[in-house]
Each structure stands twice: as C-alpha cells, then as structure tokens.
Amino acid sequence: MSKLGDLGARLYRGEVGYDFVGKRFIWYGVSILITITAIAALAIQGLNMGIEFKGGAVFTTPKTAVSVAKATEDAEKASGHDAIVQELGTGGLRIQISGLDTDAATAVKKQLATDLKVTEADINADLVGPSWGEQIANKAWTGLGIFMVLVVIYLAIAFEWRMAVAALIALIHDLTITVGIYALVGFEVTPGTVIGLLTILGYSLYDTVVVFDGLKEGSKDITKQTRFTYSEIANRSINGTLVRSINTTVVALLPVAALLFIGGGLLDAGMLNDISLSLFVGLAAGAYSSIFIATPLVVDLKEREPAMKALKKRVLAKRASAAAKGESADGEVSAADEPEVVARAQAQGRQPGRRR
C-alpha cells in the first residue's frame, strides 16, 4: 500500500488525525480575510466584462505578417477603444473591440484592412449587442438562485437544516473568492466564465456532502455514548475523508491547470482563461471550504443544542474521573501509570486496556 493510502486508512480508523474543528477559528479568520480582500477588489477594481456583456465588434482576419502587438496598436488607434488581439492557428488574427456600433465598426474594418495589408472583403466582422450578454447574466442568476434553493431543500431533508445552512455559506464563500480573484487578476469575464462558476458549485457541494454523510453516520445515537463529543465525531469525519478529498481535488485540478497555465499561459490561448481560471480557483476553494468551513460551521450550530451541551459535560466528566484513576475514558491505560497497571493486571490474570 502507498504511503498516502496507508495514511488514509489510519485517518479513517481514527488512529491519527488533525484537529480541524478545534482550530476552526483560525480557518474562519483566514476565510474572512480572503473574502474581505475579494469584496474590496470587486468594489475598487471591478470585473473586466467581456464584449458579450459590453457590446462591440469582433474582427477576424486572414493570414497576415503583422504581429499581435502591432495589430493591437493599429486597432486601438483606429477605434479609440482598448482592443484584445489573439493569433489564430491559421495565422490570422482575432481582434476584439468593445463599445463599437455598426457605423463605427464599418470604419474600423476599413482602416484595419489598410493597416494589416489585407483586403476589406476578407475581414469578417461580427457585432455583439450588450443585451445578449445581459440575457446570459440574468439566466445565470436565475439558475444560481434555483440551484441554491434546491441544495438547501435537499440537504435539509437528507441531513438536517444546520448542514443545509453550512453548505450554503460554503458555496457563497467559494463564489465570492472566485469572483474576487477575477477582479484581482483582471481576466475577462465571458459566458465561459459564467459556465465555469456554475460548474464549480457541483464540485464544492460534492466534497461537502461526502463529509456530511460521514458525520451523519458517525453521530447516529450520539447521546447514548460518552466516549466522544459532537465536535470530536465531526473531526473524525473530516479526517476519515481527507485523503479522498485531496485525491479527487488534485485529479480534477490537473487538467484544469493544464488549460490555465499551459494553454492560456505558455501557448497564449487567451480564450481558455475564461473558464479555466474559474474552475481552478473554484475547485481549490471548494475543497478548502468543505474541510475548513462547512463542517466546523455545523459543529458551531449543533453544539448550541441542550442535548449536545449535556453530552459534552458527561464526556468531560467521565474523562476527568478516568484520569484520576490513571485510565482513559474508554478503559485505556495512561502512559504515566502503565507499568503499575500492567503489573496489577498481570497479577489478576488479565490484560490491561490498550489503545485501539
């Protein structure tokens, strides 16, 4: 078995573990800081909306010897607006200019033909109205709202309302961070970006539900035992699914990273950045929120219940009593008293309690 697989098995059995829930206020602080930064970026810098949302024209030229830098300079000079120029596989150029109407696009097309040394008839011009992008945005908001409502209803029925609330907060957390990153780096927001944002919701929810399922199973009849508090069972659930969450996230991130860093970076295929950045950031944020945000939030909400408070008192009281006797709460031998207890147990013809 690999080291990672062996670690996963030990985490699942509870032999080792990290106190995610106990350090939850650290994760809350980190998330609040990142979220404030994302909101500030949105407020100060805003999003770089694509031509589909602002309106404008897209010119496609045949093969030309003019460089991308020179074509960008010529397009901006001819139109008076910022231009985005990308080289196509055919050797031609795709020139995107926002804020052009029909008359202005005709004049720009004529000037580009002269500057790029191609015939005007060979340049294909497509006008995009801002209303089309507005329709896409409205439908995306509608779809997002419906998705959120269905998620809350499903989780409230399948698990409980506290988990539904925690999952909703985690989803909003992931979306806010992803949109904030777009504002910070200045990547263009296109319909592909919207598709990517809607896609990451499913990945984020998947990781969260996996942890919630383990928590639901582990907390069944929890008040009938005095070994673990609710927060400890929640922490065991996170540790039990930790390696699985890491593996699925890494596998999902690898192809997305190839699109973003190789396709969009090294190969300069800028159109891939639209969807790949939202997927990359969203997948990473979703894995983080399912471990560090969603489950700890459930613990905070759940341990406000009188039954959970009473359970915690019973568990701590039992441990205090066991510690006074030199044994753990579940009959295990403490390290300091082990030699004495072992000798006494052997004299009685039995084996002392051992840590499982």
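The values are calculated or read from the model by the stated rules, or taken from the named source; none is laboratory data. What you see is a predicted model, and the numbers here were worked out from it, not measured in a lab. Neighbour counts are summed over all protein chains in view; Cβ atoms, including those assigned to glycine, are modelled from backbone coordinates with ideal geometry. For the accessible areas, the whole protein counts, side chains as well, though only heavy atoms, and no ligand, DNA or RNA atoms are used. Shrake-Rupley method; radii C 1.70, N 1.55, O 1.52, S 1.80 Å.
Does Asp213 satisfy the condition of being outside any loop (DSSP other than H, G, I, E, B), modelled with pLDDT under 90, at negative phi and surrounded by fewer than 16 Cβ atoms within 10 Å (Cβ to Cβ)? Before you say what the answer is, go through the steps one by one.
Details: outside any loop (DSSP other than H, G, I, E, B): yes; modelled with pLDDT under 90: yes; at negative phi: yes; surrounded by fewer than 16 Cβ atoms within 10 Å (Cβ to Cβ): yes.
Judged against the criteria, Asp213 is a match.
Look at segment 138-171 and say how many of its residues are under 21 Å from the mean Cα position of the chain (by Cα) and surrounded by 13 or more Cβ atoms within 10 Å (Cβ to Cβ).
19
Pull up segment 216-251, narrow it to residues that are of a type in the set (Asp, Glu) and not in a loop (DSSP other than H, G, I, E, B), then point me to the one that is least open to solvent (accessible area, probe 1.4 Å).
Narrowing segment 216-251 to residues of a type in the set (Asp, Glu): 217, 221, 232.
Add one more test, that the residue is not in a loop (DSSP other than H, G, I, E, B), and what stays is 217, 232.
On the way: Glu217: 119, Glu232: 56 Å².
Checked segment 216-251; the qualifying residue least open to solvent (accessible area, probe 1.4 Å) is Glu232.
Regarding segment 186-200, can at least one residue be identified that is open to solvent by 30 Å² or more (accessible area, probe 1.4 Å), over 24 Å from the mean Cα position of the chain (by Cα) and closer than 30 Å to Asp82 by Cα?
No, segment 186-200 has no match at all.
Name the one entry in Gly286, Gly353, Gly264, Gly331 that is closer than 30 Å to Lys216 by Cβ, surrounded by 19 or more Cβ atoms within 10 Å (Cβ to Cβ) and at pLDDT below 90. Spell out the reasoning first.
Values: Gly353 fails: surrounded by 19 or more Cβ atoms within 10 Å (Cβ to Cβ); Gly264 fails: closer than 30 Å to Lys216 by Cβ; Gly331 fails: surrounded by 19 or more Cβ atoms within 10 Å (Cβ to Cβ).
Going through Gly286, Gly353, Gly264, Gly331 in turn, just one is closer than 30 Å to Lys216 by Cβ, surrounded by 19 or more Cβ atoms within 10 Å (Cβ to Cβ) and at pLDDT below 90: Gly286.
Among (1) under 30 Å from Ala294 (Cβ atoms); (2) in contact with a strand residue (DSSP E or B) (Cβ under 7 Å, 6 or more places away or on another chain), which single condition is Phe59 missing?
Of everything listed in (1) under 30 Å from Ala294 (Cβ atoms); (2) in contact with a strand residue (DSSP E or B) (Cβ under 7 Å, 6 or more places away or on another chain), Phe59 misses just condition (1).
With the requirement that a residue be modelled with pLDDT under 80 and surrounded by 13 or more Cβ atoms within 10 Å (Cβ to Cβ), what does segment 10-49 give you? Before the answer, list the steps.
Keep residues of segment 10-49 that are modelled with pLDDT under 80, which gives 10-17.
Residues satisfying the conditions are Arg10, Leu11, Tyr12, Arg13, Gly14, Gly17.
Looking at segment 79-99, is at least one residue over 23 Å from Ala57 (Cα atoms), of a type in the set (A, V, I, L, M, F, W, C) and buried (at least 17 other Cβ atoms within 10 Å of the Cβ)? Give the derivation first.
Initially, segment 79-99 is screened for residues over 23 Å from Ala57 (Cα atoms), giving none.
No, that holds for no residue.
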